[in-house]
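A short worksheet on the structure shown next.
The values are calculated or read from the model by the stated rules, or taken from the named source; none is laboratory data. Quantities reported herein were computed from a predicted structural model and do not represent experimental measurements. Heads up, the Cβs are rebuilt from the backbone with ideal geometry, glycines too, and the neighbour counts pull from every protein chain shown.
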Amino acid sequence: MSDPSKLIRPIALRRVILDNNLVLAPMAGVSNLPFRLIAKEAGAALVFTETVSAKGLVLGGEKTWRMLRSAPQEKPVAYQLFGRDPEILGEACRRLEAHGAEWIDLNVGCPVKKFILNGAGAALLKEPERVAQIVAKMRAAFSGTLSVKIRVGWDESTLTGVEVARLAVDAGAELISVHGRTRAQQYRGKANRARIREVVEAVPEVPVLANGDIETPDDAFAMLEATGAAGVMIGRGSLGNPWLFRETLERAGQVPSRTRNAAENWNLIERHIDLMAKYFPDEHVLVHNLKKYIVAYAKGCPGATVFRDAVQRSDELHALLRLAQDFFRPRQVA
Ligand SMILES: Cc1cc2nc3c(=O)[nH]c(=O)nc-3n(C[C@H](O)[C@H](O)[C@H](O)COP(=O)(O)O)c2cc1C
């Protein structure tokens, strides 16, 4: 494999330079503001929001706008929109720009049925020309950085990733992220690096982020090497392991190496919990949302299964925090 120090490098765009090429993926229900701040602190150069409805945003839904809360420390942040109406997506961009957005991303990859039935997300992979129309409207409405996230195709007989990426760039997209699966695969099988490479080669004038199945620094290096992509986008591998960003930078010699210990782990988990408490003032909602992170942090630790069951059964904040402390907080040595 190539020298990792050569694979990890900044990405320069028209308006922004990313310090490195490790990026947090958009994940509905996961990449909210607290998690983005944690990923950023851990070394991600760019973070994507959860996907947000362009229509909801234009119609002024309070819940939608709440999902768009940001903080200066997380910048640059890419706001991801979903929808299928070019006019509405253009208008959503206009409003987001007025709200201070500097980066907007279009979701052309979400495989969830609710999206597909509405012709949004990955359904747009079946309509490359429509993607071009949408991106053109977004481009006309928005002066910041514009990107598009795709899959390699709809299914094995509709591998439109290359065409969609090309049309999106021609219409004004400045960066493409590509998940190396088709919509039909959902999350099954493996992300196909050769197909990601085809997308990289089809749009040589813009950076491409390669996405899918990066769980370790070596996965990131292998993905960069196999695809020739400018960077990698990391989703599930960072849930419960935001240290993945820092460890990848360390392995590439970009930041000093240091051994992680239980105390540092707990510091980050505790900080994540505090940020969540600030972001979700309603205790019921907080408990519901905290559980997935707390369970994820325990993955792979001895006793994780018993801990997970106890976490799932607990529906009271103090009980949940006590469980987390008992499990993660290092014992004081007398
Ligand atoms: C819980 C979850 C939520 C996701 N939500 C979104 C989303 O809102 N928008 C999007 O473009 N992709 C979404 N994805 C897809 C991820 O961004 C990413 O493409 C996919 O998980 C593959 O990368 P990974 O193997 O690193 O997780 C989601 C994935 C997961 C697991």
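So that you can scan it fast, the table gives a plain yes or no per residue for (1) within 29 Å of T216 (Cα to Cα); (2) without any contact (Cβ under 8 Å) to a residue 40 or more places away in the chain; (3) under 18 Å from the mean Cα position of the chain (by Cα):
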position: V23; (1), (2), (3): yes, no, yes
position: F48; (1), (2), (3): yes, no, yes
position: G60; (1), (2), (3): no, yes, no
position: E74; (1), (2), (3): yes, no, yes
position: Q80; (1), (2), (3): yes, no, yes
position: E87; (1), (2), (3): no, no, no
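Which of the residues spanning the stretch 45-104 are in a loop (DSSP other than H, G, I, E, B) and among the hydroxyl-bearing types (S, T, Y)? First the steps, then the outcome.
Filtering the stretch 45-104 for residues in a loop (DSSP other than H, G, I, E, B) gives 45, 59-61, 68-71, 75-76, 83-85, 99-102.
Answer for the stretch 45-104, where residues must be in a loop (DSSP other than H, G, I, E, B) and among the hydroxyl-bearing types (S, T, Y): just S70.
Let's see how each residue does on (1) crowded, with 24+ Cβ neighbours inside 10 Å; (2) within 13 Å of the ligand (Cβ to nearest atom); (3) not assigned by TED's automatic domain parsing to the domain that holds G231:
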residue	(1), (2), (3)
G100	no, no, no
W103	yes, no, no
A122	yes, yes, no
L125	yes, yes, no
A140	no, no, no
T145	no, no, no
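Given the criterion over 22 Å from V208 (Cα atoms), of a type in the set (A, V, I, L, M, F, W, C) and away from the ligand (no atom under 16 Å from the Cβ), identify the matching residue among L68, L59, L13.
Working: L68 fails: away from the ligand (no atom under 16 Å from the Cβ); L13 fails: over 22 Å from V208 (Cα atoms).
Testing whether each residue is over 22 Å from V208 (Cα atoms), of a type in the set (A, V, I, L, M, F, W, C) and away from the ligand (no atom under 16 Å from the Cβ) leaves just L59.
For the list (1) surrounded by 11 or more Cβ atoms within 10 Å (Cβ to Cβ); (2) at pLDDT below 95; (3) under 23 Å from A39 (Cα atoms); (4) not polar (S, T, N, Q), I need the number of the one condition that A304 fails.
Here A304 meets the rest and fails (2).
This table checks each residue for (1) under 24 Å from T51 (Cα atoms); (2) in contact (Cβ under 8 Å) with a residue 40 or more places away in the chain; (3) aliphatic (A, V, I, L, M).
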residue: G237; (1), (2), (3): yes, no, no
residue: P242; (1), (2), (3): yes, yes, no
residue: L286; (1), (2), (3): yes, no, yes
residue: L290; (1), (2), (3): yes, no, yes
residue: F327; (1), (2), (3): no, no, no
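In the stretch 111-163, how many residues are in a loop (DSSP other than H, G, I, E, B), closer than 20 Å to A28 by Cα and out of contact with any Lys or Arg (no Cβ under 9 Å at 6 or more places or on another chain)? Spell out the reasoning first.
Start the filter on the stretch 111-163 by keeping residues that are in a loop (DSSP other than H, G, I, E, B), which leaves 111-112, 118-120, 127, 142-144, 154, 156-157, 159-160.
Within this subset, residues satisfying the condition of being closer than 20 Å to A28 by Cα are 111-112, 118-120.
In the following step, the residues that additionally are out of contact with any Lys or Arg (no Cβ under 9 Å at 6 or more places or on another chain) were identified as 112.
Within the stretch 111-163, residues that are in a loop (DSSP other than H, G, I, E, B), closer than 20 Å to A28 by Cα and out of contact with any Lys or Arg (no Cβ under 9 Å at 6 or more places or on another chain) number 1.
Considering only residues that are under 14 Å from S238 (Cβ atoms) and not in a loop (DSSP other than H, G, I, E, B), which ones fall in the stretch 13-44?
Once the filter is applied, which keeps residues that are under 14 Å from S238 (Cβ atoms) and not in a loop (DSSP other than H, G, I, E, B), the stretch 13-44 yields L22, V23, L24, P34, F35, R36, L37, I38, A39, K40, E41, A42.
Looking only at the stretch 105-119, how many residues end up being in contact (Cβ under 8 Å) with a residue 12 or more places away in the chain and more than 11 Å from the ligand (Cβ to nearest atom)?
Number of matching residues: 3.
Condition first: surrounded by 20 or more Cβ atoms within 10 Å (Cβ to Cβ), farther than 20 Å from E87 by Cα and within 11 Å of the ligand (Cβ to nearest atom). Can you find one or more residues in the stretch 156-169 that meet it? If you could, list the steps in order and put the result at the bottom.
Our first condition is that a residue be surrounded by 20 or more Cβ atoms within 10 Å (Cβ to Cβ); within the stretch 156-169, this holds for 160-162, 164-165, 167-169.
Those left that are additionally farther than 20 Å from E87 by Cα: 160-162, 165.
Narrowing further to those that are within 11 Å of the ligand (Cβ to nearest atom): none.
So far as the stretch 156-169 goes, no, none of its residues is surrounded by 20 or more Cβ atoms within 10 Å (Cβ to Cβ), farther than 20 Å from E87 by Cα and within 11 Å of the ligand (Cβ to nearest atom).
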